[in-house]
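Following: one structure in structure tokens, then a few remarks.
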Ligand code: AMP
């Protein structure tokens, strides 16, 4: 299928061609005709699937369609409203709209908190066709009576699951009450929790459903890898991996802002140019850091979950979970930063014993066990025992038949890499990871090392080293 098959205007096709898009992604191919037909839409689509163009292109098409009569006089009102959870995502969506509408006479505006409201009020006094806003700042304008939403024909809730996670439900409902009743509603969400379904029922009118990827699935080109580590050695292991495997543009997730700052400081003091990005930083500092990360002045960016939303770097290869997220949905969101637009991505998790419970939840969510690589000197001695026991206590992961731990452990193979770059693999009879004497494989330790891809086997440990280790 081509963009021309989707009956989009020549100006839009020219713009996407200039962006280098040759064909629509799955979500675009499915969602665009539905939106052009005027239906409400509930789309299950992860970040990186091309969902933004999936709703922006048909909106642009409709807004620029000269056969649809607009107001005969006066300045047109805001006709499309896109609500997003974070400032970064707002900026990113606005940039996309600007690129896709480059050959059209349509205007857009990004309305976010953390920047002065006065310039936004001034901007609202001239024409805005598409408004991209975070809910809080939009409501600030509503309370100051500086915005008129009575002309909105299309409402988009982007990353709706994240909006609910961030507690925006009440604000979203308030905003909806201010919009014309007759409008088109489009809702995009990476996951479909019961709360999302409830919101969709209340907000969408007889919607068409599009699921571009399997429900709650992660992007298909992502290789997941766990590095067991003692909690106190995490930052040293991370530095070791980045330096020895020569990882670039590494996006690292920290659970707390303070933790993000400390880690970025440690990395930059130890040869890895890094900065932290989180909501305590001023918006212009966040923009600068993001720009430096994009242009690879920074090798690593340490982010909290909220700040990371909207980071769109087309060839971001490495996402590191320095701390595992408390809810498995966040894992899906985090790793949505990599493996985008058909590119390969690597989702790396540094897992301390205390986090195994969280790891098991994540494995349930993504429906696979994640391969492990043990780097000698960093992993806890008894990690494998601990993991086997945790699994056997886990009703969903435990084998159906009664077993002893030795048997379960006997199936497991773990890749070990010594901290001078040598790898060994072992079938582990005792259930511990003491695998040193078996089948040595040399790993390159080459600068371009990436975690090797693995298939989803029942126990998904790495069987052999790929050439890059
Ligand atoms: P999104 O899921 O909207 O965040 O988009 C993820 C990335 O895919 C962005 O960098 C887009 O520029 C890119 N993209 C969107 N649509 C296409 C397409 N049809 N072909 C190639 N890349 C695309």
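The values are calculated or read from the model by the stated rules, or taken from the named source; none is laboratory data. A quick note: this is a predicted structure, and the numbers were derived from the prediction, not measured. Heads up, the Cβs are rebuilt from the backbone with ideal geometry, glycines too, and the neighbour counts pull from every protein chain shown.
Taking the conditions exactly as written (under 21 Å from residue 165 (Cβ atoms), at pLDDT 95 or above and in contact with a helix residue (DSSP H, G or I) (Cβ under 7 Å, 6 or more places away or on another chain)), does residue 186 satisfy them or not? Judged against the criteria, residue 186 is a match. Annotation: residue 140 fulfils all but one of (1) surrounded by fewer than 20 Cβ atoms within 10 Å (Cβ to Cβ); (2) more than 22 Å from residue 15 (Cβ to Cβ); (3) modelled with pLDDT of 95 or more; (4) touching a helix residue (DSSP H, G or I) at 6+ places or on another chain (Cβ under 7 Å); the unmet one is (4). Just need a number here: residues in the stretch 148-160 that are touching a strand residue (DSSP E or B) at 6+ places or on another chain (Cβ under 8 Å) and over 13 Å from residue 204 (Cα atoms). Final tally of qualifying residues: 5.
Okay, residues lined up against (1) over 25 Å from residue 86 (Cα atoms); (2) without any contact (Cβ under 8 Å) to a residue 40 or more places away in the chain:
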| residue | (1), (2) |
| --- | --- |
| 166 | no, no |
| 169 | no, yes |
| 208 | yes, no |
| 240 | yes, no |
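Checking the structure you have, find out if any residue of the stretch 219-227 is surrounded by fewer than 17 Cβ atoms within 10 Å (Cβ to Cβ) and either within 14 Å of residue 320 (Cα to Cα) or at pLDDT below 90 (or both). For the stretch 219-227, residues surrounded by fewer than 17 Cβ atoms within 10 Å (Cβ to Cβ) and either within 14 Å of residue 320 (Cα to Cα) or at pLDDT below 90 (or both): present. If the condition is being more than 11 Å from the ligand (Cβ to nearest atom) and assigned to a loop (DSSP other than H, G, I, E, B), then the stretch 1-56 contributes 7, 8, 9, 37, 38, 39, 40. The residue that is surrounded by the most Cβ atoms within 10 Å (Cβ to Cβ), counting only those in the stretch 63-80 that are at pLDDT 85 or above and within 24 Å of residue 142 (Cβ to Cβ), is 80. Taken over the stretch 15-34, the residue count meeting the criterion of being within 13 Å of residue 100 (Cβ to Cβ) and surrounded by 14 or more Cβ atoms within 10 Å (Cβ to Cβ) is 6.
Restricting to the stretch 81-116, count the residues that are more than 16 Å from the ligand (Cβ to nearest atom) and either under 23 Å from residue 182 (Cβ atoms) or at pLDDT below 85 (or both). Qualifying residue count, the stretch 81-116: 3.
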